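Heads up, the thing below is written out as structure tokens.
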Amino acid sequence: MDQTPGLAKETGPSLHYPNQGQFHIMKYLKGLTDAIIRMGGEIYTETHVEAIKEHELIANGHVVKADIIVVATNSPINDLVTMHTKQWPYRTYVVGIKVAKGAVKHSLWWDTGDKDSKWVTEPYKYTRLQSLDDQNDLIICGGEDHKTGQADDEGIPEENRYDVLIEFVRQNFTSAGEIIYKWSGQVLEPLDCMAYIGKNPGNDSIYIVTGDSGNGMTHGTIAGMLLKDLVLGKENPWAKLYDPSRITLKVAGDYLKEAGNMAAQYTDLIAKGDVESVNEIPSGEGAIITKGLKKVAVYKDETGVIHSYSAICPHLGCVVHWNANEKTFDCPCHGSRFTYTGEVVNGPAVSGLEKISLKQDQS
Ligand code: FES
């Protein structure tokens, strides 16, 4: 089509895919979990896995034995290095804005923007419509992705990324009204844009699902079909395509660029901290400070109490960065994330930041 339908701003030509379906993610997951339980499966939530090896894992301090282990944890927590050199973590942002029912046609708009491209200099955005209530729909617009822990390097801090999306919605959907949701998430971008689904490189009994590139529902469904065959020893035509051990020479340039970016993060070990002293940190904020040879992640809570941890990520030793939007410490190397009280909330790290004492009178 010469002009993308439904958007107020000029876009130029676009591809149009008619007759697409849309389903409710939570209802879909509910159906899946019900089916697992109905067929005799058991689901344990609130279960933290600390270690995984062939036929065995440790969860909440208990040893669990298994013929086959599938690690479907966004970032694989079983693999220390290999898979983390083949994919990179990005933060992505989403806003939900009310619009009168019927004012915007049900569609999904998805551009191919890439700020690193020589033709397009904006990060991509994705926009779709969701029914909200009897009178309203919700315009859900996401994008403005950046490498985890590196938003400031690109000149737009995490917390300001929503403003860019809101502006985009207002320009393209003039009937857009009240902003009612904002959230951010994390996606793993694989080297060649295809997810990694299959046997973990170097293992016999451990399978992984990762590199979803923002298409987790699609890849999760593919993984369910593909892994069933692999585990049962059946042939599957998709096995090679998604094989985590594949080598993609066509994207060697991208690999070197991403690997260089990752290596550059280690220079933070000798760089100055964000601030000189804890006194410079406002209440409710965090920062990295340098104490002698140490890097310290500091959070000052709303009452002025200081929480301090080693800023060294327990995965492979990069220095974490403060994320003012999520109030977390994020690792720019492979995407581990930690709450302001030091607990790990995103792998590949499986443990939290080490607590260290930082007396305020030494600040
Ligand atoms: S996530 Fe790998 S060093 Fe932090």
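Bear in mind these aren't lab numbers, they're just calculated from the coordinates by the rules spelled out. Keep in mind that this is a model prediction, so the values were computed, not measured. Glycine gets a Cβ as well: all are built from the backbone with ideal geometry, and neighbour counts include every protein chain shown.
Placing unit charges on the Cβ atoms only, positive for Lys and Arg and negative for Asp and Glu, gives the chain a dipole magnitude near 520 debye about its Cα centre.
With R₀ set to 35 Å, the beta-carbon distance separating TYR17 from MET39 gives a calculated FRET efficiency near 0.55. Place a +1 charge on the Cβ of each Lys and Arg in the stretch 269-362 and a -1 charge on the Cβ of each Asp and Glu, then give the dipole magnitude about the Cα centre in debye, rounded to the nearest 20. Value, rounded to 20: 300 debye.
Length gained on full extension, LEU80 to LYS65, computed as 0.36 nm times the residue gap minus the Cα-Cα distance: 3.3 nm. Isolated cysteines of the chain, defined as having no other cysteine beta carbon under 4.7 Å away, are CYS141, CYS193.
Could you tell me which of the pairs LYS30/LYS228; LYS30/LYS240; LYS105/LYS125; LYS182/LYS300; LYS101/LYS125 are separated by over 26 angstrom between their Cα atoms in the structure shown? Those over the limit are LYS30/LYS240. Stretching the chain fully between LEU29 and GLU56 yields a gain of 7.0 nm (0.36 nm per residue, less the alpha carbon separation).
Normalised by residue count, the chain yields a Cα convex hull volume of 182 Å³ per residue.
Using R0 = 25 Å, the C-beta based FRET efficiency linking GLN135 and CYS193 works out to 0.05. Whole-Hz Karplus values for the stretch 10-19 come out as 4, 10, x, x, 8, 8, 10, 10, x, 6 Hz, taken residue by residue from phi with 6.51 cos²θ - 1.76 cosθ + 1.60 and θ = phi - 60°; glycine and proline positions read x.
Each residue of the stretch 175-184 is assigned a 3J(HN,Hα), and the resulting list reads 8, 4, x, 6, 7, 10, 9, 9, 7, 10 Hz, derived from the Karplus form 6.51 cos²θ - 1.76 cosθ + 1.60 (θ = phi - 60°), x at Gly and Pro.
Near ASN236, once Lys and Arg are set to +1 and Asp and Glu to -1 for all other residues with Cβ below 12 Å from its Cβ, the sum equals 0. Exposed loop sites were defined as trypsin sites (Lys or Arg not before Pro) in DSSP loop states (anything but H, G, I, E or B) carrying at most 11 other C-beta atoms within 10 Å; in the chain the longest segment without such a site runs 119-233.
Around THR82, what is the net charge, scoring Lys/Arg as +1 and Asp/Glu as -1 over all other residues with Cβ under 14 Å from its Cβ? Around THR82, the charge tally is +1.
With the simple model of a label 7 Å out from the Cα in the direction of the Cβ, LYS101 to THR341 spans 4.2 nm.
Quick check on the stretch 258-342: take the gyration tensor over C-alpha atoms, sort the square-rooted eigenvalues as a ≥ b ≥ c, and tell me if it's rounded (a/c under 1.5), prolate or oblate. In terms of gyration-tensor shape, prolate. Counting only Cβ charges, +1 for Lys and Arg and -1 for Asp and Glu, the dipole size of the stretch 126-173 around its Cα centre is about 200 debye. Shown in residue order for the stretch 193-205 are the 3J(HN,Hα) couplings computed by the Karplus curve 6.51 cos²θ - 1.76 cosθ + 1.60 at θ = phi - 60°: 6, 9, 5, 9, 9, x, 5, 5, x, x, 10, 9, 10 Hz (x for Gly and Pro).
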